[in-house]
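To start, the structure under review is shown below, and the notes come after it.
Any read-out appearing in this document is the output of simple, stated calculations on the displayed coordinates, not a laboratory observation. Quantities reported herein were computed from a predicted structural model and do not represent experimental measurements. Cβ placement follows ideal geometry from the backbone for every residue including glycine, while neighbour counts extend to all protein chains displayed.
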Number of protein chains: 2
Amino acid sequence: MTYTAPLADMRFALREVAGLDKIAALPGYEHATEDTIDAVLEEAGKLAGNGLAPLNREGDKIGAKLENGVVRTAPGFTGIYREFVDGGWNSLPFDPAFGGQGMPWLLAVAVQEMWQAANMGFGLVLLLNQGAIDAIHHHGSDAQKKTYLHKMISGEWTGTMNLTEPQAGSDLGQLKSRAVKDGDHYLVSGQKIFITYGEHDLAENIVHLVLARTPDAPAGVRGISLFIVPKFLPDADGKPGKRNDLRCVSLEHKLGIHASPTCVMSFGDDGGAVGYLVGEEGRGLSYMFTMMNNARLSVGVQGLAIAERAYQQAAAFARSRVQSKDDNRPDPAPVSIVHHADVRRMLMSMRAQIEAMRALGYYTAAGIDGALKTEDKAAGRKIQDRVDLLIPIVKAWFTDLGNEIASTGVQIHGGMGFIEETGAAQHLRDARILPIYEGTNGIQARDLVGRKITKDGGETMLALVAEMRALADEMRQAPGDDLAAIRTGVMASADALEDATKWVAQAAKTGLSDALAGSVPFLRLAGTALGGWLLARSALVAQGKLAIRDGDPAFLEAKLVTARFYTEVILPPALAQLGPLKAAGRTVFALREDQF
Amino acid sequence: MTYTAPLADMRFALREVAGLDKIAALPGYEHATEDTIDAVLEEAGKLAGNGLAPLNREGDKIGAKLENGVVRTAPGFTGIYREFVDGGWNSLPFDPAFGGQGMPWLLAVAVQEMWQAANMGFGLVLLLNQGAIDAIHHHGSDAQKKTYLHKMISGEWTGTMNLTEPQAGSDLGQLKSRAVKDGDHYLVSGQKIFITYGEHDLAENIVHLVLARTPDAPAGVRGISLFIVPKFLPDADGKPGKRNDLRCVSLEHKLGIHASPTCVMSFGDDGGAVGYLVGEEGRGLSYMFTMMNNARLSVGVQGLAIAERAYQQAAAFARSRVQSKDDNRPDPAPVSIVHHADVRRMLMSMRAQIEAMRALGYYTAAGIDGALKTEDKAAGRKIQDRVDLLIPIVKAWFTDLGNEIASTGVQIHGGMGFIEETGAAQHLRDARILPIYEGTNGIQARDLVGRKITKDGGETMLALVAEMRALADEMRQAPGDDLAAIRTGVMASADALEDATKWVAQAAKTGLSDALAGSVPFLRLAGTALGGWLLARSALVAQGKLAIRDGDPAFLEAKLVTARFYTEVILPPALAQLGPLKAAGRTVFALREDQF
């Protein structure tokens, strides 16, 4: 039930796959030296493993409680949150102009993986705050930035996202909360649901970002504006002043992430909560899209993180649980179950997909940095396009895998996996929210097919396919049958992804519905193919290092074995989504509503 | 959150796939007339929908409680259990010589699907009792049968299976419980874990079947004997008499099936629990294998059942939840989400796999009847071989799908799916035990590959492949492109299953480990292929009935659409397990224990 940050794997993915050296060399990241980065990873690993991980089980068991309007977080949470603020952990990737450390997102994402693996229920307060900071940073006025950003970046205050209403989930156009102008501010009223950390005892103030409609606004998404609605109105000194007219009226009873208070928030019961317009009226939803890339990447990383946590626990169990003889040896004495073929298959499938996710997640994070800091605007735009394309894949593929891998973790535990004390089941329960929030995975697939592929006819994806083929060329001379097998997989992936992309781009033109019917299988194919490509790159690097005896041979050999397993076992069923993604539209619309 | 027994689908699978008419015509089933069978299905549907289903959510929320050694079941359970006993529901498939109704297992399995879909936490008491009845019926003495079977078949008493100990899970050879001869009985002592309904308030007596070792027994599985250890020793009149020396010392806190008390049982704390040997010493484990087919089929049916329950709930939600416009129409008004492509894809994938499971499950149940009642012994033996082959597939494939489909059910609910009040999450939590108990799915795959395929070199499976090809021939003349597409799928399935079976049979000869590394992918391929074969048969029947206007056209057309969706969307990734099942052994053993 412990967690140890997989520093060697992380460093490998940061350096050899995501190109940390190049990122750290970008203008503005001069302070991200190798020593600094190593120190950050090391210290974060300690805090995650020794501080956060031990609070995870109690956080689940006891959870957050609402009593008389006050939310009390789980035991130990206020203390560890204080350590976060004091250690400056909250400020890692943010703008130095407002107290941030201005470190690369690539590093921040690796550190995020640790927080989320150690304690997802806790980690959510950090993610929501990140989103709120992004929104204010991009769209707030100078005065708003001055008032809120320092406090939020330090973590003294936290931010929330108030989007969903009972009738407005994926379809935010249906939202009804109202904001009426009243002098220099607005009076906001309405009910919001599923508000993560909408109320808690970790920080002295909570800055709610609320989507609401102004009285004469048009129907639909163009009538939605974004407001800052603080729990306590900042006074003249910037300190929390008057209590605002908003409250948490109940907490949801959820399948998982019990430590994270999911609030029903009521605004304006006593006449209206004071809210400050962000940017212009009617542009609320477009402002939300600004922060979506970071937020969706972070949720994808949660999928990776919970998978890593589940893997560590399952591997530890498999090494210690003794049951049945070894099939490979005559000795009848029972051995630890890590010796059994199917347990090994399960562990290999977990680690192979975790490494593929980590590679693709860090690669995408590096793209965010590249797009931000590359001085050549056109080159930066191209990188941004690639990030935009990858984001829905990272969000949906990682979170689906997070669930599958957490479930495999339960399975490896046998009967003990079903017992809550073991802790394996918690990971599965916690993971189950990931394919739902921050845009369901169906919405991600829709974004991928209906927006990202459509907007350039698949060009950005086909550029990735070309890079896959270039890697396959590079591997042509590589020695050994592992790399030969892996190279075959890369070529098959490139072919399938090219075919699928061209089909989707064409189908979306003639009739979006057909393309959408195949969007989830397409996303699965794309994620698995891209993950495999980056694992192949890892394998090639590992082989090169082995040849010159640079690094731990056991670690490097495991990279080769893992990439080969991925190629031969994980890849084929995913590439076989090519037929289904094209065919689904034929039958998906054939039944009438009442036939379901 | 309601459940309606899908009678039309059940009847179709019973008649058109499993050949209910032929089964009912077997000697000994003369009383299973069409009218009787219809009445049983109808009445069972009412009891499941109106009686059991409404207790499911409270059963989860409140669960079973242990207080001072007494287990109190969830609200309403004692009342509904009384209805079961009074209605004779418990006795359906059992021997009329002991008060059973002697109905076909095929019918009993369809009825079982209803109980398990309506309320799995309740349904477990029935399954465990069924297993205990089977064991005593096959291996008990005449006196034991006389004392126990009437009461257990009526349901006045219930049975349990006491196998697992902390160090002996999949590896029962490690068990330590002891039984020492003491006159006409034995004194049993030891601790057993994971004992389903080991203690409860539904019946006046509980008949524990306990595996234990006699003092001089050899180590391993050959030293294990089976004992009847009743909670109350039957007195001279066969009534519950003296309290035996056994108790439930605690209940597990589980992920799901909260209504089912999972007990830690302690035997012999005060000197030894009185136990009666079943059959001969040392044969306990082989006796357990006798009842395993029925028990594993029943657990498979639980997978089917929970999937059906999840589907009904998700479909109802999708028809009522309004969100976003219809992509196929210009009207901007939001529509129910059942109109959206990806929601439909999810619903189709649920129903297609449910229908495939039901077809294969009922087909297997019909085989149990056929093997029991066919007068030609050689023919009966062949049917039994087929049942033996299918059982691990039914158990593992159905229960994996049960989890995947329950998870899809959560996903269709969006954010509401993560909230416990919705009930969708309960199905996922309940389903999660199914791939674990009654032999983990890894153990099933091992049984399939290491025993069932190995014992005849794959001959029984290849006979099924031949039947698949025969169906494809039969379909050659069938009209319409649906059947043409489905036929292509049957042929691809036959090819893949033949190839896989031959590879596995050969690999198991040269080195079992390699075959075992691919055993789970093999089982997945086999289950999906066989399910698709029976769906194709359904589609052919539906087409024939449509042609002669026999039956509801909407129902019959949906069978065609569903089978085609299965063929084009579900089948390809499963058949693509052919490569992985052969390749897994290459990498699965490459890492050292400490590299995980």
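The calculated 222 nm mean residue ellipticity attributable to helices in chain B amounts to -17000 deg cm²/dmol, summing -39500 (n - 2.57) over DSSP H runs of n ≥ 4 and dividing by all residues. Axis angle, to the nearest 10 degrees, between helix A:77-87 and the longest C-alpha principal axis of chain A: 80 degrees.
For chain A, the direction-averaged projected area of the alpha-carbon convex hull comes to 28.9 nm². Sequentially through segment B:498-505, phi angles give Karplus couplings (6.51, -1.76, 1.60; θ = phi - 60°) of 5, 4, 4, 4, 5, 5, 5, 4 Hz, Gly and Pro residues having no value and appearing as x.
Cα-based values for segment B:276-330, radius of gyration first and Dmax second, are 23.4, 76 Å. Sorted on the mean count of surrounding Cβ atoms within 10 Å across their residues, most packed first, peptides A:524-531, A:248-255, A:496-503 read A:524-531, A:496-503, A:248-255.
Using the Cβ-Cβ distance between residue A:235 and residue A:21 with R0 = 41 Å, the FRET efficiency computed as 1/(1 + (r/R0)^6) comes to roughly 0.30.
Residue by residue, segment B:340-348 carries 3J(HN,Hα) couplings of 7, 3, 6, 5, 4, 4, 5, 4, 4 Hz when phi is fed to the Karplus relation 6.51 cos²θ - 1.76 cosθ + 1.60 (θ = phi - 60°); x denotes Gly or Pro.
Once the gyration tensor of the Cα atoms in segment B:70-224 is diagonalised, the equivalent ellipsoid follows with semi-axes of 29, 18, 15 Å, ordered largest first. Amide H to amide H, with H built 1.01 Å from N, residue A:205 comes under 5 Å of A:158, counting only residues 5 or more places away or on other chains. Between residue A:161 and A:196, A:209, the built amide H atoms are under 5 Å apart, and every one of these is 5 or more places off in sequence or on another chain. Annotation: the antiparallel percentage among DSSP beta bridges lying fully within the protein assembly as shown is about 85.
Near residue B:198: Cβ cut-off under 11 Å, other residues only, Lys/Arg at +1 and Asp/Glu at -1. The net charge is +1. Take the residue pairs A:146/A:242; A:192/A:382; B:22/B:382; A:61/B:231; B:145/B:242; A:145/A:373 and return only those whose Cα atoms are more than 26 Å apart. Beyond 26 Å between Cα atoms: A:192/A:382; A:61/B:231. Rounding to the nearest 10 and keeping the result within 0 to 90°, find how far the Cα-based axis of helix A:578-588 lies from the longest principal axis of chain A. That works out to roughly 50 degrees.
Give the average, rounded to an integer, of partner chain Cβ atoms located within 10 angstrom of each Cβ in A:408-420.
Numbers: counts 0, 0, 6, 8, 2, 2, 9, 13, 6, 6, 14, 7, 4.
Counting Cβ atoms of other protein chains within 10 Å of each residue's Cβ and averaging gives 6.
Across the identical copies, the label point of residue A:474 (7 Å from Cα in the Cβ direction) is separated from its matches by 5.6 nm, in order from shortest.
In this structure the amide hydrogen of residue B:274, modeled in the peptide plane, comes within under 5 Å of the amide hydrogens of B:188, B:245, none closer than 5 places in sequence on its chain.
Once the C-beta distance of residue A:167 and residue B:319 is scaled by a Förster radius of 22 Å, the resulting FRET efficiency is 0.85 to the nearest 0.05. Give, as a single signed number, the net charge of other residues whose beta carbon lies under 14 Å from the beta carbon of residue B:140, with Lys and Arg counted +1 and Asp and Glu -1. Neighbour charge sum, excluding residue B:140 itself: 0. Across the copies of the chain, residue B:550 has label points (7 Å from Cα along Cα→Cβ) spaced 7.5 nm apart, shortest distance listed first. For segment A:440-586, the C-alpha radius of gyration divided by 2.2 N^0.38 Å, with N the number of residues, is 1.14. Across the copies of the chain, residue B:336 has label points (7 Å from Cα along Cα→Cβ) spaced 5.4 nm apart, shortest distance listed first. Computed on chain A, with alpha-carbon pairs under 8 angstrom and 6+ residues apart, the relative contact order is 13 percent.
Pairs of C-alpha atoms in the protein assembly as shown farther apart than 56 Å represent 17 percent of all such pairs.
Over all other residues within a Cβ to Cβ distance under 14 Å of residue A:519, the charged ones net out to +3, with Lys and Arg as +1 and Asp and Glu as -1. Rounded to the nearest whole Hz, the Karplus-based 3J(HN,Hα) values (6.51 cos²θ - 1.76 cosθ + 1.60, θ = phi - 60°) of segment A:544-557 follow the sequence x, 5, 4, 5, 9, 6, 10, x, 5, x, 4, 5, 5, 5, with x at glycine and proline.
Partner shielding of B:307-319 amounts to 1, given as the average count of beta-carbon atoms from other chains within 10 Å of each residue beta-carbon. Angle check, please: helix B:105-118 long axis (alpha carbons) against the longest principal axis of chain B (alpha carbons), in degrees 0 to 90, nearest 10. Taking the Cα atoms of chain B, the angle to B:105-118 is about 90 degrees. Averaged over the residues of B:553-560, the number of partner chain Cβ atoms lying within 10 Å of the residue Cβ comes to 2. From most to least packed by mean Cβ count within 10 Å, the peptides B:378-387, B:403-412 give B:403-412, B:378-387.
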